[in-house]
Amino acid sequence: MDKSAQACSEELVLSFLAEAGDAFVSGEAMSEKLGLSRAAVWKHVESLRARGYRVDAVAARGYRLVAIPDRLSPLEIGPLLNTHDLGQTLHYFEEVGSTSDVAKQLAEEGADHGEVVVAEAQTAGRGRRGRGWFSAPGKNLAFSVVLRPELPPQRAAELTLVASVALCDAVRDAGVAAGIKWPNDLLHEGRKLAGILTEMEAEADRVHWVVLGVGVNVNVREAELPEELRPIATSLAEARGEPVPRALFAAACLSRLEQWLDRHAEEGFGPVRAAWRERSDTLGREVAVEVGDRSLTGRAEDIDESGALLVRTEGRLERVLSGDVRLLRAR
Amino acid sequence: MARRVERVQQAEQPVEAGAGPFTLADVKKLVEALEGTDVTSLVWSRSGEKVAIRRGEKAAPVAPLSYVAAPAPLAPLTPVPAPMPAPAAPAAASAASAPSAAVEQKPGVIVTSPFVGTFYRAPSPESPPFVEVGAVIKKGQVLCIVEAMKLMNEIEAEIPGKIAEILVQNATPVEFGEPLFRIEPA
């Protein structure tokens with residue numbers, strides 16, 4: 001067996017174990033399904049262990065994947081992916097300025113729909129309007145996805161809400177209660193878990209590319225956050241009380257994202273709008289919205305058929321398309 | 001209230017010089033005949049072919065889409081005398097047909113907003129604007145950002161030239177098709 005074939009069947013063993021989740025898989029079942037000898041299966045498990053995977057082996061029950069190395073390289077994320085496009089090409093960096101900057105460059109150079117840039121650390125993570133995005137090397141998740149949607153540019157902003165719904169599902173799957181602050185921040189008990197920044201290049205009637213940049217506070221602990229962020233930010237690990245395997249969470253994000261993108265492509269914005277409302281942490285609350293040097297205050301009533309926030313101020317229903325939304329008080 | 005330009009069916013076949021019964025000279029005559037009148041839209045059918053002409057201010061958007069419900073004032077946004085609405089018109093406008101003849105008379109090229117959102121002249125409130133009036137720009141250079149729902153759309157110059165005019169205030173709402181810049185081609 002040459003080296004690449006060896007690596008390949010090792011990935012198959014890993015996928016098999018990952019698929020089974022918390023359950024044991026017998027060596028016999030694996031050797032049968034994967035067409036490997038039981039000795040070969042054992043050898044691959046040993047090799048996975050050497051790479052940092054923790055695999056339990058119990059006589060008469062088989063193998064069980066207990067922990068995966070806390071890295072975001074294609075070796076870790078790849079076997080966990082069940083997507084058809086998203087992340088099938090994964091550009092991995094130990095450190096990068098901003099994953100979105102790299103993804104934009106790749107998009108300019110012709111990257112395909114679904115290519116993903118992921119990094120352990122960002123030195124210049126970006127938020128909206130030139131704000132910084134905090135990076136905790138090796139602790140958090142930052143990735144950017146190149147999309148080439150079949151959408152008129154006028155509808156592309158819907159994708160930012162699609163992404164928020166998908167990310168919300170991935171976070172809830174990880175056992176953390178989360179809601180969406182319009183348009184697409186994820187909050188846990190009022191504190192920010194994740195942000196999404198989307199960039200696009202388009203002509204009047206055609207989208208060239210969209211780069212969806214996602215930052216999630218995964219395993220950073222409160223004490224590691226900059227002081228000014230502590231009152232307003234949190235992480236999955238803080239909310240759960242234990243760390244989350246980042247590769248698993250990254251794969252879950254991509255898979256949820258693909259599901260919702262597919263749904264949006266097939267059924268339009270309707271189901272996304274309904275799902276967004278269900279997951280909203282914004283509707284029904286008093287909000288202050290600032291765009292440029294203007295601001296308005298009122299009750300967030302709904303989002304409309306294009307995703308804009310409808311705010312009831314004194315006697316008027318204002319349609320908000322961009323701006324910073326602050327939640328003023330509890331529901 | 002601004003005149004609302006009536007929407008008309010797009011001509012099924014773009015009219016080009018020498019193509020079918022309509023000649024470019026015919027279309028020019030039609031355009032001339034409309035000058036000085038209040039007619040904002042005309043559809044002319046002949047021998048199974050059709051010419052549609054729309055003129056006046058930029059087409060009103062289908063819905064009032066902006067941060068504040070009040071539509072952006074039209075007058076300051078159309079400082080370029082525009083006998084024909086082609087650059088500001090929705091995609092339905094048949095750019096290939098008659099109006100292009102009149103558009104070419106404008107001094108320079110108008111960059112319009114490809115979607116509804118908020119117009120930003122700089123990447124962040126602290127940074128200098130992407131371009132100023134008088135700036136010499138390259139093709140593909142970023143001119144501004146239009147944001148909707150945290151989707152940032154960098155608008156690039158499609159031609160090299162000089163920024164002759166910036167038609168919108170920073171951090172204000174823009175409509176689909178709204179003129180943003182006037183560029184004097186290099």
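The values are calculated or read from the model by the stated rules, or taken from the named source; none is laboratory data. Quantities reported herein were computed from a predicted structural model and do not represent experimental measurements. Reconstructed Cβ throughout: ideal geometry from the backbone, glycine too, with neighbour counts over all protein chains shown. In case anyone asks, the SASA skips ligands and DNA or RNA and just uses the protein heavy atoms, side chains included. Shrake-Rupley method; radii C 1.70, N 1.55, O 1.52, S 1.80 Å.
General observations
- The Cα atoms of chain A cover 74, 43, 36 Å along the three principal axes, with the biggest extent listed first.
- 5 angstrom amide H check on B:Thr118, placed H, neighbours 5+ away: B:Glu147, B:Ala148, B:Val174
- 3J(HN,Hα) along region A:192-200, derived from phi through the Karplus expression 6.51 cos²θ - 1.76 cosθ + 1.60 where θ = phi - 60°, amounts to 6, 9, 8, x, 10, 10, 10, 10, 9 Hz, with x in place of Gly and Pro.
- With the biggest extent put first, the Cα atoms of region A:1-104 measure 50, 28, 25 Å across the principal axes.
- Calculated SAXS-style log₁₀ I(q)/I(0) at q = 0.11, 0.12, 0.13, 0.18 Å⁻¹ - region A:191-276, Debye, Cα scatterers: -0.45, -0.53, -0.61, -0.96
- Distance (nanometres) between label positions extended 7 Å along Cα→Cβ at A:Ala67 and A:Leu328: 4.8
- Measuring nothing but how far apart in sequence close Cα pairs (under 8 Å, 6+ apart) lie, relative to its length, region A:1-126 scores a relative contact order of 21 percent.
- Accessible-area value, A:Asp101, 1.4 Å probe, nucleic acids and ligands omitted, Å²: 70
- Loop trypsin sites (Lys or Arg not before Pro), region B:123-157 (other Cβ atoms within 10 Å of the site Cβ: 14 or fewer; DSSP): B:Lys138, B:Lys139
- Electrostatic dipole magnitude of region A:286-327 [Cβ: Lys, Arg +1; Asp, Glu -1; Cα centre; debye, to 20]: 100
- In region A:105-197, the trypsin sites (Lys or Arg not before Pro) that fall in loop regions by DSSP, at most 15 other Cβ within 10 Å: A:Arg131
- For B:Glu156, nonlocal amide neighbours, meaning residues 5 or more places apart or on other chains whose placed amide H falls under 5 Å from its own, are B:Leu143.
- Sequence-distant residues sharing a close amide H with A:Thr198 (under 5 Å, placed H): A:Gly213, B:Met152
- A:Asp173 accessible area, 1.4 Å probe, all protein chains in place, Å² to nearest 10: 90
- Total charge dipole magnitude, region B:103-185, about the Cα centre, Cβ charges on Lys, Arg, Asp, Glu only, Debye to nearest 20: 120
- Shape class of region A:286-327 from the alpha-carbon gyration tensor: oblate, with a/c at 1.5 or above and b/c at least as large as a/b.
- Using just its DSSP H runs of length 4 or more, each adding -39500 (n - 2.57), chain A gives a mean residue ellipticity at 222 nm of -10000 deg cm²/dmol after division by all residues.
- These residues, A:Tyr92, A:Tyr53, go from largest to smallest accessible area, 1.4 Å probe, as A:Tyr92, A:Tyr53.
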